[in-house]
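Each remark here refers to the structure printed beneath this line.
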Amino acid sequence: MTRVELHHGGASDVGLVREANEDAYLAAPPVFVVADGMGGHDAGDVASRFVVEEFAALAESGITGSDADKAAERVAATFARVQERIAAYEAEQQDAGAVGFNAGTTAVVAVLVEQDDHARWLLANIGDSRIYRYTDTHLEQVSVDHSVVQEMIDAGSITVAEAATHPSRHVITRALGAAASGEADYFLLPLPAAERLLLCSDGISGMIDDQQIADILADTEDPRDAADRLVAAAVRAGGRDNATAVVIDVVGLAHDMPYDSDAERLSLEEKLGALP
Ligand code: MN
């Protein structure tokens, strides 16, 4: 396995308009998640918390060093468990008299995995939260939004610029939740092609544009500060939605160099004398 060290930062803010923060995030290396819940208080916040809880369990269960295919199966199984929990919670609320109770959530996920002795990013997306990669002053959206406006862009009926102000810009076509289709898209990226990853809710990408995101990522070395500054910029721009950002830096990446524990031990012995 390539030697990889990850530095990360995460931040979330309720914003200036919403009463509750229905976003949630997880930074539990090698697993990182942002989820944007929908349905209001006691619905969206619960749904996004289910995502974080289930992926925290995945991180704790020891996914480090998993190969990409197995990891993708486990991520899919984790999404399925979230889906089941949301459905059970909805049924519970409806039985208790909450007619038409509806909870759902988006999810973007990044997991460090191994494939052919190389570390890679396994990325997954459901909904309109986003995964960006940032390398050498270049920002690129990796995930493709599951949204009505993205479908209109793909069909050529509106431009990306028009989508930013379109009345349907918040309508998503996929989500986790009983009433939704939960099929995720998966992406596998080599680490050198994504030295800095950003996972964010639409409360970031809907409030500040890609150029502003790129400028903050370029100017802010520490990923903790970068996450804070992205959230602060979204709030300053109006804060019309909950805003959440997780920034992950790949540091100490030794290209194509397999980890050799014997060699490590040998050089330590040279330095320190015989080890026990
Ligand atoms: Mn949102």
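The values are calculated or read from the model by the stated rules, or taken from the named source; none is laboratory data. Since the structure is predicted, the reported quantities are computational estimates derived from the model, not experimental observations. Glycine gets a Cβ as well: all are built from the backbone with ideal geometry, and neighbour counts include every protein chain shown. Please note that ligands, DNA and RNA were not included when accessible areas were found on the heavy atoms of the full protein model with its side chains. Shrake-Rupley method; radii C 1.70, N 1.55, O 1.52, S 1.80 Å.
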- Using the heavy atoms of the protein chains alone and a 1.4 angstrom probe, what is the accessible area of the stretch 5-271 per residue in square angstrom? 46 Å²
- For Asp67, other-chain or 5+-apart residues with amide H closer than 5 Å (H placed, Pro excluded) are Glu114
- Once you have the alpha carbon radius of gyration of the chain, what is it after dividing by 2.2 N^0.38 Å, with N set to its residue count? 1.07
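Could you sort Asp222, Asp69, Asp128 by accessible area so the largest value comes first, with the probe set to 1.4 Å?
On the way: Asp222 45, Asp69 110, Asp128 15 Å².
Accessible-area ranking of Asp222, Asp69, Asp128, largest first: Asp69, Asp222, Asp128.
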- Task: Give the relative contact order (percent, whole number) for the chain; include only Cα pairs under 8 Å separated by 6+ residues.
- Result: 28 percent
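Whenever you get a sec, line up Leu176, Leu139 from highest to lowest accessible area (probe 1.4 Å, protein heavy atoms).
So the residues, ranked largest to smallest area, are Leu139, Leu176.
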- Query: In the chain, carbon and sulfur make up what percent of the accessible area (probe 1.4 Å)?
  - Reply: 50 percent
- Message: Using a Gaussian network model on the chain with a 10 Å cutoff between Cα atoms, which of Val99, Val14, Val148 fluctuates the most?
- Response: Val99
- Task: Evaluate the charge dipole of the chain about its Cα centre and quote only its size in Debye, nearest 20, assuming +1 on the Cβ of each Lys and Arg and -1 on the Cβ of each Asp and Glu.
- Result: 400 debye
- Once whole DSSP H runs in the chain are found, which of them have Cα atoms spread over 30 Å or more along the helix axis and a mean Kyte-Doolittle score of at least -1.0? 68-95
- Message: Quick check on the chain: helices-only [θ] at 222 nm, where DSSP H runs of length 4 and up contribute -39,500 (n - 2.57) each and the sum goes over total residues. Nearest 500, please.
- Response: -11000 deg cm²/dmol
